[in-house]
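Okay, structure first, notes after.
The values are calculated or read from the model by the stated rules, or taken from the named source; none is laboratory data. This one's a predicted model, so the numbers in the text were calculated from it and none came from an experiment. Methodologically, a virtual Cβ is constructed for each residue, glycine included, from the backbone with ideal geometry; neighbour enumeration extends over all protein chains shown.
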Amino acid sequence: MRFLLASWQARAIAGLSLLLTLAATSFAQAPSPPPPPLMPAQISLAEARVIIDGAIAFAHDANLRMSVIVLDQATNVVSSARMDGAGVQNVNLAEGKAYASAIFRQTTQALADVAKTRPDRYFGILTMYPGKVYLVGGGVPLTLDGEFFGAVGVAGLPEGVDEKAGRAGIAAWTKFRETMKK
């Protein structure tokens with residue numbers, strides 16, 4: 001009996017070894033394709049800083065404090081800033097606005113207005129992206145010549161002023177890009 005069990009174990013181990021050897025050689029013969037190249041961000045850090053500086057200049061001129069963030073087309077943070085005296089929560093609120101604006105490619109004010117006309121869609125968006133979107137004015141998509149670059153989000157200013165600050169930053173960015181073409 002002891003001999004039969006040992007013989008059975010030896011055949012099982014030999015079979016498993018053969019199977020693993022064949023599998024290893026088949027993997028070695030088919031090299032994996034190279035990974036696809038990563039798409040570079042369409043908006044550079046320098047451009048994001050121009051947007052942020054333009055938005056901050058707008059708020060500073062109005063003697064207001066806020067936070068601003070710029071996301072690329074894949075909703076990754078390119079840069080952000082919180083003005084001295086602005087609430088720490090405003091960075092997260094600005095990111096929620098920029099994120100919503102980027103994924104839906106419209107202003108967050110337009111998305112907030114959906115609550116009045118299509119509350120089912122409004123609450124559906126909040127349910128689909130819990131903790132990620134903030135559907136209050138202040139998020140603006142970054143588009144130029146029909147091309148989507150990302151979004152800017154501003155938080156901490158009075159109602160309606162957040163979006164104006166974001167648009168002031170976008171105006172500065174547009175001027176910056178025009179000078180880069182020359």
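Comparison of V133, V114, V152 shows that the only residue that is of a type in the set (V, I, T) and in contact (Cβ under 8 Å) with a residue 40 or more places away in the chain is V152.
If we scan segment 111-119, do we find a residue that is farther than 21 Å from G160 by Cβ and part of a helix (DSSP H, G or I)? Steps first, please.
Start the filter on segment 111-119 by keeping residues that are farther than 21 Å from G160 by Cβ, which leaves 118-119.
Of the ones still in play, those that are also part of a helix (DSSP H, G or I) are 119.
Yes: segment 111-119 contains one or more residues that are farther than 21 Å from G160 by Cβ and part of a helix (DSSP H, G or I).
With respect to (1) among the small types (G, A, S); (2) over 21 Å from L64 (Cβ atoms); (3) surrounded by 13 or more Cβ atoms within 10 Å (Cβ to Cβ), the lone exception for G146 is condition (3).
Checking the structure you have, find out if any residue of segment 106-122 is of a type in the set (D, E, K, R) and touching a strand residue (DSSP E or B) at 6+ places or on another chain (Cβ under 8 Å). No.
Is it the case that A81 is modelled with pLDDT under 95 and among the aliphatic types (A, V, I, L, M)? Before you say what the answer is, go through the steps one by one.
Numbers: modelled with pLDDT under 95: no; among the aliphatic types (A, V, I, L, M): yes.
Taking the combined requirement at face value, the residue does not satisfy it.
How many residues are closer than 14 Å to T107 by Cα and surrounded by fewer than 24 Cβ atoms within 10 Å (Cβ to Cβ) if we restrict to segment 164-175?
Result for segment 164-175: 3.
Take the residues in segment 134-182 that are in a loop (DSSP other than H, G, I, E, B) and at negative phi, then tell me which one is modelled with the lowest pLDDT. Top of the filtered list is K182.
Being surrounded by fewer than 22 Cβ atoms within 10 Å (Cβ to Cβ) and not polar (S, T, N, Q), is that true of even one residue in segment 149-157?
Start the filter on segment 149-157 by keeping residues that are surrounded by fewer than 22 Cβ atoms within 10 Å (Cβ to Cβ), which leaves none.
No, every residue in segment 149-157 fails to be surrounded by fewer than 22 Cβ atoms within 10 Å (Cβ to Cβ) and not polar (S, T, N, Q).
Matching residues to (1) assigned by TED's automatic domain parsing to the domain that holds G156; (2) within 18 Å of E159 (Cα to Cα); (3) of a type in the set (S, T, Y); (4) in a strand (DSSP E or B):
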site: I51; (1), (2), (3), (4): yes, no, no, no
site: I56; (1), (2), (3), (4): yes, yes, no, no
site: R65; (1), (2), (3), (4): yes, yes, no, no
site: I69; (1), (2), (3), (4): yes, yes, no, yes
site: A81; (1), (2), (3), (4): yes, no, no, yes
site: A86; (1), (2), (3), (4): yes, yes, no, no
site: N90; (1), (2), (3), (4): yes, yes, no, no
